[in-house]
Amino acid sequence: MKPRLFSAAAALGIAVTGLTVSAPPASAAPCTDIDVPVARGTGEPGTLGFIVGDPVYRAVQNALRPRTLSSYRVDYPADLGEPASVQKGNTDLVDHVKAQAAACPQQRFVLVGYSQGANVVDNSIGISSDGAVVGGPIVATVPAELAPRIAAILLFGNPIRAIGRQVTGTYQSRTKDYCADGDPVCRAGAFNFLAHLSYGSNAADAAAFAATKV
């Protein structure tokens, strides 16, 4: 693990710990048109994630009207001190998609992941984050028969990019993977940590991309 990348990821936990936010509750409609599971970044506050999840979900809601949407906060530690954090998120995200798909046969999904949460999504679609900062081995993947129901994947500050990896194969054309200039978490040799906190500015563009895929 590259020390500079680890320092940036650790700083994220420190940077967001002191934030106090009041975010709207996630929609709980059982069988909406689109479900949006979100894996937040390390230590990130907010309902779905103050930096990425909350603004991206609001933007996707706006872009996909009049379709109905629900959201899901992936249940995992998002903690640098938990060795199996990514694996727990990986398991929970795949379990959620399978359960929702069974309960709601017409529902489709937009998967969102930020920083450590991007590693959760990577693993869940079969792209290993092992070897990346806060990454880990794949423990579960979305079943192949459900792949057509994954309409879009939105990733932000994805650590696998710093080790020369990206989303390929089945989901490549449905994925928008944002890596800000200077972000050391997704760019090897970069050093502008503030860039890693900038992804809320991509919310409208990400939502527009999702709208073209749904």
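The values are calculated or read from the model by the stated rules, or taken from the named source; none is laboratory data. Please read these numbers as outputs of a predicted model, since none were measured by experiment. With ideal geometry, Cβ positions are generated from the backbone for all residues, glycine too; neighbour counts draw on all protein chains shown. All accessible areas refer to the heavy atoms of the entire protein, side chains included, with ligands and DNA or RNA removed. Shrake-Rupley method; radii C 1.70, N 1.55, O 1.52, S 1.80 Å.
Take the residues in region 171-214 that are farther than 14 Å from Gly113 by Cβ and aromatic (Phe, Trp, Tyr), then tell me which one is nearest to the chain's Cα centre (by Cα).
Phe209
Given the conditions (1) within 19 Å of Pro45 (Cβ to Cβ); (2) open to solvent by less than 10 Å² (accessible area, probe 1.4 Å), which single one is not true for Val94?
Status for Val94: all satisfied but (1).
Using the structure shown, decide if Gln166 is assigned to a helix (DSSP H, G or I) and surrounded by fewer than 22 Cβ atoms within 10 Å (Cβ to Cβ). Show your work before the answer.
Working: assigned to a helix (DSSP H, G or I): no; surrounded by fewer than 22 Cβ atoms within 10 Å (Cβ to Cβ): yes.
Answer is no for this residue.
So which residues in region 177-214 are more than 18 Å from Tyr57 (Cβ to Cβ) and surrounded by 22 or more Cβ atoms within 10 Å (Cβ to Cβ), if there are any at all?
Cys179, Asp183, Pro184, Val185, Cys186, His196
Consider Thr141 carefully, then state whether it is in a loop (DSSP other than H, G, I, E, B), open to solvent by 50 Å² or more (accessible area, probe 1.4 Å), touching a residue at least 24 places away in the same chain (Cβ under 8 Å) and of a type outside the set (Lys, Arg). Explain how you work it out, then say what you get.
Details: in a loop (DSSP other than H, G, I, E, B): yes; open to solvent by 50 Å² or more (accessible area, probe 1.4 Å): yes; touching a residue at least 24 places away in the same chain (Cβ under 8 Å): yes; of a type outside the set (Lys, Arg): yes.
Yes, satisfied.
Pick from Leu80, Leu69, Leu93: which is within 11 Å of the chain's Cα centre (by Cα) and of a type in the set (A, V, I, L, M)? Talk me through it step by step, then tell me what you get.
Values: Leu80 fails: within 11 Å of the chain's Cα centre (by Cα); Leu69 fails: within 11 Å of the chain's Cα centre (by Cα).
Testing whether each residue is within 11 Å of the chain's Cα centre (by Cα) and of a type in the set (A, V, I, L, M) leaves just Leu93.
Within region 144-161, track down each residue that is buried (at least 24 other Cβ atoms within 10 Å of the Cβ) and within 21 Å of Phe193 (Cβ to Cβ). Before you say what the answer is, go through the steps one by one.
Step one: of region 144-161, the residues buried (at least 24 other Cβ atoms within 10 Å of the Cβ) are 152-160.
Hits for region 144-161 are Leu155, Phe156, Gly157, Asn158, Pro159, Ile160.
Does Pro105 satisfy being outside any helix (DSSP H, G or I), open to solvent by 30 Å² or more (accessible area, probe 1.4 Å) and not small (Gly, Ala, Ser)? Spell out the reasoning first.
On the way: outside any helix (DSSP H, G or I): yes; open to solvent by 30 Å² or more (accessible area, probe 1.4 Å): yes; not small (Gly, Ala, Ser): yes.
Against the criterion (outside any helix (DSSP H, G or I), open to solvent by 30 Å² or more (accessible area, probe 1.4 Å) and not small (Gly, Ala, Ser)), Pro105 qualifies.
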